[in-house]
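Beneath this line is the structure, given in structure tokens, with notes to follow.
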Amino acid sequence: PTPTSTPQSPPQQQQQQQQLPTTAPVSPSSTQQISGMQKWQDKVALVTGASSGIGWATCEALAQQGMRVVAVARRKEKLEALQVHMHNLRIPPTHFLPVVCDITKDAEVATLPRIVAKRWPDAGGVDVLINNAGLSRNDASLMEGNVASWVEMLSTNVLGTTMAIKATVQDMRRRNKWGHIINMVGLSGHRIPDGPQGGGFYCATKSAVKTITEGLRQEARGKMLPLRVSSISPGVVETEFFTVKNYGDAEAARNTIQNYASCLQPQDVAQTILWCLSAPDHVEVNDVVVRPTEQLL
């Protein structure tokens, strides 16, 4: 993977073409200094699935707290838009690095720590990993599912998450500097909300991420390593998730979202991530379940 070619200070014409509205809604609390985040000042956070939704909001929130953010995603044009957005928010170019990377490709994932070390030699590597990349498909039922969709979900949700963990942990061990890994599980890792509609396989992948998170925590404890490990399990969040699930069918995605009384916003989940990171060093927040107040299951 290589950093996107977007310059640090985009030309005016390019900025006008790509920039998001400066009046886009941003969570009011995202600009507030959260107690405990001071320890992460100038540390490096790597966020997968950074090109939209929760990943986008998390990059924004971490950068506004003074962290150096590595935004990882497959879609270069989306990363370029995120870079312009960061520029508009006055995030210093020295604190943001977009990297095009397919999280399902081990060779690409393995190079991420080296890319970080090259960009920020004083930091040396990744201090915080936010494993956010994940997807679902609407043709993946257990009885009649598309095998290619099963493979895609396993490759992204399970193997991609695990390969990012491995690359980060090995780099932390090399530097003997331990930080925090946060995996995005979701409520689908705790129950099967749409089993009759064929959601069982997706839930199985998220249950695997939940188990991987606890397994990593226990491995770290067994080796007496001060690595903190957390998972976050949001309920329904209004993101591109449903559009991707329906293979780009925006109308189907809107219809799905309208079935819910209310949804979380990506900024809500980003704030939950900051809360986990803000805990004192002797406190490890293992799993956070966060729902819209009106959500039943």
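The values are calculated or read from the model by the stated rules, or taken from the named source; none is laboratory data. Everything numeric in this text was worked out from a predicted model, so none of it was measured. For neighbour counting, all protein chains shown are included, and Cβ atoms are generated from backbone atoms with ideal geometry for every residue, glycine included.
Points worth noting:
- Check on residue 184, of a type in the set (A, V, I, L, M) and touching a Gly at 6+ places or on another chain (Cβ under 7 Å): yes
- Candidates are the residues of the stretch 191-233 that are modelled with pLDDT under 95 and outside any helix (DSSP H, G or I); the one that is surrounded by the fewest Cβ atoms within 10 Å (Cβ to Cβ) is 191.
- When 76, 118 are checked against the criterion of being over 23 Å from residue 175 (Cα atoms) and charged (D, E, K, R), 76 stands alone in meeting it.
- Residue within the stretch 259-266 that is within 16 Å of the chain's Cα centre (by Cα), within 30 Å of residue 173 (Cα to Cα) and at pLDDT 80 or above present: no
- Exclusive hit being under 24 Å from residue 269 (Cα atoms), among the hydrophobic types (A, V, I, L, M, F, W, C) and surrounded by fewer than 22 Cβ atoms within 10 Å (Cβ to Cβ), set 159, 142: 159
- Tally of residues being closer than 14 Å to residue 236 by Cα, polar (S, T, N, Q) and buried (at least 17 other Cβ atoms within 10 Å of the Cβ) across the stretch 261-290: 2
- Exclusive hit being under 21 Å from the mean Cα position of the chain (by Cα), over 23 Å from residue 67 (Cα atoms), assigned to a loop (DSSP other than H, G, I, E, B) and modelled with pLDDT under 95, set 136, 188: 136
- Checking each residue of the stretch 89-98 against the condition of being in a loop (DSSP other than H, G, I, E, B), on the phi < 0 side of the Ramachandran plot and aromatic (Phe, Trp, Tyr) gives no match.
- Some residue of the stretch 235-249 being of a type outside the set (Phe, Trp, Tyr), assigned to a loop (DSSP other than H, G, I, E, B), under 19 Å from residue 295 (Cα atoms) and at pLDDT 95 or above: no
- Unmet criterion (only one of (1) surrounded by 19 or more Cβ atoms within 10 Å (Cβ to Cβ); (2) at pLDDT 95 or above) for residue 170: (1)
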